[in-house]
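Engineer: Input: one structure, supplied below.
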Amino acid sequence: MRDTSTFYYQQKNSTGSDILSIDFAGINLRNPLLLASGFLGISQEIFNRLYRSGIGGIVSKSISIDPMEGYKGPTIISTNEKSYLNAIGLSNPGAEAFSEEISNNLTPLIVSLVGSSEKDFPTLIKKFDSLNILGYEINLSCPHVAKMGMEVGDDPNLVTKIIRTVKNITKKPVIIKVGVGSTDVVQLAKTIQDSGADAITAINSIRAMAINIETGMPILSNKIGGLSGASIKPVGIRCVYEITKKVDIPVIGCGGIFSWEDVIEYIQAGACAVEIGSVIGNKGINIFQQITRGLLKYLNKKGYKNIMEVHKLAHKY
């Protein structure tokens with residue numbers, strides 16, 4: 001893939017490979033930082049800007065067959081300076097419009113897909129499979145959209161049907177995004193591996209709500225939303241650690257990453273890469289450069305030749 005970035009890290013190890021470069025599930029990235037699905041995820045211009053800012057790769061917003069308007073406002077609130085509660089409703093332009101938007105894509109892009117049954121995915125894959133994308137992340141865990149989110153991920157039989165359907169119609173890597181629902185996340189991860197998926201993303205935002213105590217009204221228009229940001233990082237770390245103890249396929253860590261230290265913690269827990277989202281609301285897209293510089297300083301100080309030398313370090317204890 002051609003590098004469209006004007007900001008590229010030239011640090012090399014003794015073998016000539018980038019210190020921060022990673023390989024998982026047939027995907028190669030210059031560093032382990034991915035844009036999390038749901039943040040800035042439908043514009044090619046934004047994708048280009050993000051890649052110039054130093055990000056390793058991008059996961060798009062979740063795309064459905066038909067356009068979705070999402071919920072009326074309020075759709076997002078801040079619960080503290082590093083956490084958010086949102087119920088946007090999977091708003092997206094639909095597969096046809098988004099496939100046109102990325103028809104000339106040159107960035108390392110993973111397309112997130114969402115559907116209510118296995119029957120939706122052949123149509124979705126048909127729109128994107130010939131384009132210049134790295135693969136797919138299948139969103140089976142949105143906490144606030146009925147019949148297209150966590151209800152799907154909590155049904156092991158449906159999860160298996162969707163994965164096998166997608167794997168039968170594409171040769172590109174298939175990543176499954178899981179959340180903390182009514183099904184044990186480790187058992188779900190085993191089902192995902194056994195069904196043939198190439199990787200797992202853990203975790204999605206957590207089902208939550210907030211109430212205005214003056215009026216007694218739920219603040220979000222949908223009442224229930226998804227909690228993201230620093231508040232859920234310990235849950236994300238726990239899930240990655242437990243999942244990677246039990247499955248062999250790669251796991252991408254997601255949830256509450258605000259610093260290079262958070263990235264290292266996720267990788268030590270077992271993640272091969274991480275998805276970053278909420279911090280952009282605090283620090284903007286320059287955060288990717290800041291985190292990458294921190295990672296390089298840490299690795300050089302420790303004498304590591306590649307970031308994956310700290311992979312699963314916590315599993316030794």
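The values are calculated or read from the model by the stated rules, or taken from the named source; none is laboratory data. Note that the coordinates shown come from a computational prediction; the quantities given were computed from them, not determined experimentally. Please note: Cβ atoms are built from the backbone with ideal geometry, for glycine as well, and neighbour counts cover all protein chains shown.
Engineer: Would a scan of the range 139-153 turn up a residue that is at pLDDT 90 or above and under 20 Å from residue 61 (Cα atoms)?
Structural biologist: If we filter the range 139-153 for residues that are at pLDDT 90 or above, which is where we start, we get 139.
Filter once more, keeping what is under 20 Å from residue 61 (Cα atoms): 139.
Yes, because at least one residue in the range 139-153 is at pLDDT 90 or above and under 20 Å from residue 61 (Cα atoms).
Engineer: Of the residues that make up the range 69-85, is at least one among the basic types (Lys, Arg) and outside any helix (DSSP H, G or I)? Show your work before the answer.
Structural biologist: Here is the first cut: in the range 69-85, the ones among the basic types (Lys, Arg) are 72, 82.
Then drop every residue that is not outside any helix (DSSP H, G or I), which leaves 72, 82.
Yes: one or more hits.
Engineer: Right, here's the next one. Only residues in the range 70-85 that are farther than 12 Å from residue 208 by Cα and without any contact (Cβ under 8 Å) to a residue 40 or more places away in the chain count as the first member; pair them with residues that are part of a loop (DSSP other than H, G, I, E, B) and small (Gly, Ala, Ser), Cβ under 7 angstrom, at least 6 apart or cross-chain, and list the lot.
Structural biologist: Every condition considered, the pairs that remain are 70/89; 70/91.
Engineer: How many of the residues making up the range 220-238 are of a type in the set (Lys, Arg) and either buried (at least 21 other Cβ atoms within 10 Å of the Cβ) or assigned to a helix (DSSP H, G or I) (or both)?
Structural biologist: 2
Engineer: In the range 231-238, is there at least one residue being among the charged types (D, E, K, R) and on the phi < 0 side of the Ramachandran plot?
Structural biologist: Just the residues of the range 231-238 that are among the charged types (D, E, K, R), to begin with: 233, 238.
Those still in the list that are on the phi < 0 side of the Ramachandran plot too: 233, 238.
Taking every residue of the range 231-238 in turn, at least one turns out to be among the charged types (D, E, K, R) and on the phi < 0 side of the Ramachandran plot.
Engineer: Any residue that is closer than 20 Å to residue 176 by Cα, touching a residue at least 60 places away in the same chain (Cβ under 8 Å) and outside any helix (DSSP H, G or I) - is there at least one of those in the range 301-317? Full working, then the answer.
Structural biologist: From the range 301-317, those closer than 20 Å to residue 176 by Cα are none; that's our starting set.
Taking every residue of the range 301-317 in turn, none turns out to be closer than 20 Å to residue 176 by Cα, touching a residue at least 60 places away in the same chain (Cβ under 8 Å) and outside any helix (DSSP H, G or I).
Engineer: Still on this structure: One residue is enough: does the range 276-285 have a residue meeting the conditions in a helix (DSSP H, G or I) and either surrounded by 15 or more Cβ atoms within 10 Å (Cβ to Cβ) or touching a strand residue (DSSP E or B) at 6+ places or on another chain (Cβ under 6 Å) (or both)? Show your work before the answer.
Structural biologist: Going residue by residue through the range 276-285, those that are in a helix (DSSP H, G or I) are 280-283.
Narrowing the set further to residues that are either surrounded by 15 or more Cβ atoms within 10 Å (Cβ to Cβ) or touching a strand residue (DSSP E or B) at 6+ places or on another chain (Cβ under 6 Å) (or both) leaves 280-281.
There is at least one residue in the range 276-285 that is in a helix (DSSP H, G or I) and either surrounded by 15 or more Cβ atoms within 10 Å (Cβ to Cβ) or touching a strand residue (DSSP E or B) at 6+ places or on another chain (Cβ under 6 Å) (or both).
Engineer: Taking residue 314 as meeting all but one of (1) under 22 Å from residue 27 (Cα atoms); (2) out of contact with any strand residue (DSSP E or B) (no Cβ under 6 Å at 6 or more places or on another chain), write down the number of the exception.
Structural biologist: Just one mismatch for residue 314, condition (1).
Engineer: State which residue is surrounded by the most Cβ atoms within 10 Å (Cβ to Cβ) when the search covers only the range 180-219 and only residues that are of a type in the set (Val, Ile, Thr) and part of a strand (DSSP E or B).
Structural biologist: Restricting to residues being of a type in the set (Val, Ile, Thr) and part of a strand (DSSP E or B), the top hit is 201.
Condition check ((1) in a loop (DSSP other than H, G, I, E, B); (2) buried (at least 24 other Cβ atoms within 10 Å of the Cβ); (3) free of Cβ contacts under 8 Å to residues at least 12 places away in the same chain) across all residues:
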{"site": "240", "(1), (2), (3)": "no, yes, no"}
{"site": "245", "(1), (2), (3)": "no, no, no"}
{"site": "257", "(1), (2), (3)": "yes, yes, no"}
{"site": "261", "(1), (2), (3)": "no, no, no"}
{"site": "291", "(1), (2), (3)": "no, yes, no"}
{"site": "296", "(1), (2), (3)": "no, no, no"}
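Engineer: Go through (1) touching an Asp or Glu at 6+ places or on another chain (Cβ under 7 Å); (2) assigned to a helix (DSSP H, G or I) for residue 167 and report which single condition fails.
Structural biologist: (1)
Engineer: For the list (1) more than 22 Å from the chain's Cα centre (by Cα); (2) more than 25 Å from residue 250 (Cα to Cα); (3) charged (D, E, K, R), I need the number of the one condition that residue 283 fails.
Structural biologist: For residue 283, the exception is condition (1).
Engineer: Could you list, in sequence order, all residues of the range 59-75 that are touching a helix residue (DSSP H, G or I) at 6+ places or on another chain (Cβ under 9 Å) and of a type in the set (D, E, K, R)? Don't jump to the end; show me each part of the working.
Structural biologist: Going through the range 59-75, the residues touching a helix residue (DSSP H, G or I) at 6+ places or on another chain (Cβ under 9 Å) turn out to be 60-61, 63-67.
Within the range 59-75, 61, 66 meet the criteria.
Engineer: Output the residues belonging to the range 27-50 that are of a type outside the set (A, V, I, L, M, F, W, C) and under 14 Å from the mean Cα position of the chain (by Cα).
Structural biologist: As a first pass, look at the range 27-50 and keep what is of a type outside the set (A, V, I, L, M, F, W, C): 28, 30-32, 37-38, 41, 43-45, 48-49.
32, 37, 38, 41, listed by residue number.
Engineer: Which of the residues belonging to the range 34-52 are in contact (Cβ under 8 Å) with a residue 24 or more places away in the chain, surrounded by fewer than 19 Cβ atoms within 10 Å (Cβ to Cβ) and not charged (D, E, K, R)?
Structural biologist: Applying the first criterion (in contact (Cβ under 8 Å) with a residue 24 or more places away in the chain) to the range 34-52 yields 34-44, 47-52.
Right, trim to surrounded by fewer than 19 Cβ atoms within 10 Å (Cβ to Cβ) and you get 40, 42-44, 48-49, 52.
Those that are in contact (Cβ under 8 Å) with a residue 24 or more places away in the chain, surrounded by fewer than 19 Cβ atoms within 10 Å (Cβ to Cβ) and not charged (D, E, K, R): 40, 42, 43, 44, 48.
Engineer: Out of the residues in the range 79-134 that are surrounded by 22 or more Cβ atoms within 10 Å (Cβ to Cβ) and small (Gly, Ala, Ser), state the one that is nearest to residue 228 (Cα to Cα).
Structural biologist: If we take residues in the range 79-134 being surrounded by 22 or more Cβ atoms within 10 Å (Cβ to Cβ) and small (Gly, Ala, Ser), then 87 is nearest to residue 228 (Cα to Cα).
Engineer: Something else now. Look at residue 31 and say whether it is in contact with a strand residue (DSSP E or B) (Cβ under 6 Å, 6 or more places away or on another chain) and either aliphatic (A, V, I, L, M) or surrounded by 18 or more Cβ atoms within 10 Å (Cβ to Cβ) (or both).
Structural biologist: Numbers: in contact with a strand residue (DSSP E or B) (Cβ under 6 Å, 6 or more places away or on another chain): no; either aliphatic (A, V, I, L, M) or surrounded by 18 or more Cβ atoms within 10 Å (Cβ to Cβ) (or both): yes.
Criteria not met by residue 31.
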